[in-house]
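Here is the structure we will look at.
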């Protein structure tokens, strides 16, 4: 699409797209394990924790598990990941500290400036599987500003369940055809498109790349690139 004036609202996925989840979690995992004498286990624990968390969120989205706050899922999957690596010995205080990383996810360097620039032309909305408390904490710390923040917790589900995208449509009375959904996750964009949203893929290091069959309305190397495509 060449005429971007059709969009009046931009809805952003947050974790991975606007904040660097993998980098933030790996950095904090490395710090905690280093002070416990296991610096060489950081990548392994991070990968195991991430995989377990992804499965847990996926089970909630698919209705295979009851909804739980993201903080609870992070804490539970961290405990399971630590216990799966027999040589690790982390006390309760370290586990609690690390489990709270969801409140401390660091923005990608381009995120805050791009969001600020886009707010002059569009309604800018956050739609996340993260808890509202997490979103408030890392947005405040990272200088991320929003016109509205929505969480899957408000409908006791998680993306890619359609009810989460419908939450944004219903709450803000959006016309999906005039709303651009932005994410670095192809699965998220595919699910949003099924609800009528226009889609924009943003590349982020370490995240899955689109399949050859994927077709998105826009594609950008980062949020600065996306902002420049939208504001001409």
Of everything in the range 98-120 that's at pLDDT 95 or above and part of a loop (DSSP other than H, G, I, E, B), which residue is nearest to residue 17 (Cα to Cα)? 108
For the condition in a helix (DSSP H, G or I) and within 20 Å of residue 186 (Cα to Cα), what is the one hit in 60, 32? 60
Check on residue 89, touching a helix residue (DSSP H, G or I) at 6+ places or on another chain (Cβ under 7 Å), surrounded by fewer than 18 Cβ atoms within 10 Å (Cβ to Cβ), in the same structural domain as residue 42 (by TED's automatic domain parsing) and closer than 24 Å to residue 30 by Cβ: no
Consider residue 167 carefully, then state whether it is touching a strand residue (DSSP E or B) at 6+ places or on another chain (Cβ under 7 Å), over 23 Å from residue 106 (Cβ atoms), part of a strand (DSSP E or B) and in contact (Cβ under 8 Å) with a residue 12 or more places away in the chain. no
Determine which single condition residue 206 fails, assuming it passes every other condition in (1) touching a residue at least 60 places away in the same chain (Cβ under 8 Å); (2) crowded, with 18+ Cβ neighbours inside 10 Å. (2)
Starting from the range 92-108, take each residue that is closer than 22 Å to residue 223 by Cβ and list its partners that are at pLDDT below 95, counting only C-beta distances under 6 angstrom and pairs at least six apart or across chains. none
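The values are calculated or read from the model by the stated rules, or taken from the named source; none is laboratory data. No experiment lies behind these values; they were computed from the predicted model shown. Here Cβ is always computed from backbone atoms with ideal geometry, including for glycine, and neighbour counts include all displayed protein chains.
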